[in-house]
1. How much of the DSSP bridge set in the stretch 111-214 is antiparallel, in percent, rounded to the nearest 5?
2. Return the percentage of antiparallel bridges among DSSP beta bridges fully within the stretch 1-135, rounded to the nearest 5 %.
3. So for the chain: antiparallel DSSP bridges make up what percent, rounded to the nearest 5?
4. By how many degrees, 0 to 90 and rounded to 10, does the Cα axis of helix 243-253 deviate from the longest principal axis of the chain?
5. Who wins for biggest fluctuation among Ile296, Ile185, Ile161 in a Gaussian network model of the chain, springs between alpha carbons below 10 Å?
6. Need the list of aspartates and glutamates near Lys340 for cross-linking: C-alpha distance under 14 angstrom, and skip anything on the same chain fewer than eight residues off.
7. Please list 3J(HN,Hα) in residue order for the stretch 78-89, calculated via the Karplus relation 6.51 cos²θ - 1.76 cosθ + 1.60 where θ = phi - 60°; whole Hz, with x for glycine and proline.
8. With θ set to phi - 60° and the Karplus curve 6.51 cos²θ - 1.76 cosθ + 1.60, what are the ³J(HN,Hα) couplings of the stretch 52-58 in order, to the nearest whole Hz, using x for Gly and Pro?
Amino acid sequence: FDAILLRKAKTEAIDKSEYNGIWVFAEQREGVIAPVVFELLGKGRELADELGSELSAVLLGHNIEGLSSELIAFGADQVIEIDDPALKHFWDEGYAYALAELALKYKPSIILAGATVIGRSFIPRVAIRLHTGLTADCTGLSIDPETGDLLQTRPAFGGNIMATIKTANHRPQMATVRHKVMNPIPRDDTRSGIVIQEQINFDLDEERTTWLGFEKEKTGLINITEANIIVSGGRGLKEAKNFALIEELAEALGGAVGASRAAVDAEWIAYSHQVGQTGKTVKPLIYIAVGISGAIQHLAGMSSSDYIIAINKDPDAPIFKVADLGIVGDLFEIVPKLTKRIKEQ
Ligand code: FAD
């Protein structure tokens with residue numbers, strides 16, 4: 001079914017002048033807006049001002065009063081919201097249907113969403129429904145000065161090149177964008193904007209998805225995307241039990257625990273801690289890489305950290321090329337000493 005729609009998307013010509021405005025999908029969970037939304041509003045504000053168009057936030061959920069004013073304070077000119085019990089919990093089909101129906105009605109030129117678990121899950125379905133393209137996982141957005149098209153930049157070929165992509169012949173132009181690569185504008189509660197309430201009939205097959213419940217991850221560890229200090233461990237730790245060295249150092253510093261993909265693939269720690277191209281992008285004040293070689297895919301997720309410290313026994317490890325402070329030596333000697341010293345202070 002999806003393949004048929006995609007083939008159709010290639011052949012149908014559209015009138016681009018019918019499409020106007022920039023939309024940011026205002027992802028929220030349990031009434032809390034995802035931080036990436038504020039970053040997208042910051043970037044969206046810049047793009048909207050350049051194009052002379054309106055910036056809208058699209059809010060889906062239930063009992064979401066009060067969130068619209070927050071979105072306006074962070075740059076939205078208007079908020080289009082659907083407050084419906086059917087949208088209380090995130091579900092792919094319902095959210096994709098609602099956002100696509102709104103887009104068919106309003107015809108925005110650009111739709112941006114966070115490359116979060118939710119965004120990555122349902123935004124491709126929206127693109128399929130709208131017969132348009134999607135650039136996933138962008139790290140840069142700008143406007144083509146000649147055509148006014150959205151230029152969408154993202155890592156390609158395993159992170160070895162940065163590709164700039166545009167949706168030249170279809171509308172809306174859709175992109176998911178990584179957390180922590182764009183900057184929000186300062187909150188201004190005196191900004192004013194319009195709130196439009198919409199309603200939708202969910203005449204979808206209710207049997208396809210059943211809500212069973214929501215279980216939060218019980219790691220007790222700090223979320224890496226919000227942390228000021230991250231201590232990350234890699235294959236150099238050799239086995240699962242040694243990951244405790246990373247956790248102890250992170251705890252002593254009041255920081256979060258990160259990991260390379262090698263450590264996650266070995267099941268030493270959960271995927272939610274993975275830093276890099278196929279994990280999370282982080283930008284802490286201090287990033288400590290322990291027993292991590294510094295493969296390009298890992299660097300893609302952490303190289304914009306403010307201060308990088310690397311501990312590795314190989315003086316030629318690529319991680320030292322991005323490190324502000326490099327410690328060449330055996331992590332099994334260095335890390336316990338470091339943790340002890342920090343705890344003593
Ligand atoms: P290694 O490369 O094996 O490095 C281990 C390091 O530990 C070495 O430098 C070694 O010198 C050091 N070491 C060993 N023993 C000690 C010791 N006793 N003391 C001190 N140092 C020691 N990787 C990611 O991290 N994140 C991603 O999101 C990601 N996405 C990817 C996407 C694609 C499409 C592909 C192809 C790959 C991806 N990878 C990703 C994998 C990446 O290419 C590397 O394989 C991975 O990052 C390596 O992890 P590592 O540095 O822990 O292991």
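Any read-out appearing in this document is the output of simple, stated calculations on the displayed coordinates, not a laboratory observation. Here the structure is a predicted model, which means the values were calculated and not measured. For neighbour counting, all protein chains shown are included, and Cβ atoms are generated from backbone atoms with ideal geometry for every residue, glycine included.
1. Of the beta bridges lying entirely in the stretch 111-214, close to 55 percent run antiparallel.
2. In the stretch 1-135, DSSP labels about 15 percent of beta bridges as antiparallel.
3. 20 percent
4. The answer is roughly 80 degrees.
5. Ile161
6. Within the straight-line cut-off, Lys340 pairs with Glu247, Glu248, Glu251.
7. Taking θ as phi minus 60°, the curve returns 8, 10, 9, 10, 10, 9, 8, x, 5, 10, 4, 10 Hz for the stretch 78-89.
8. Result, ordered by residue: x, 10, 8, 10, 10, 9, 10 Hz.
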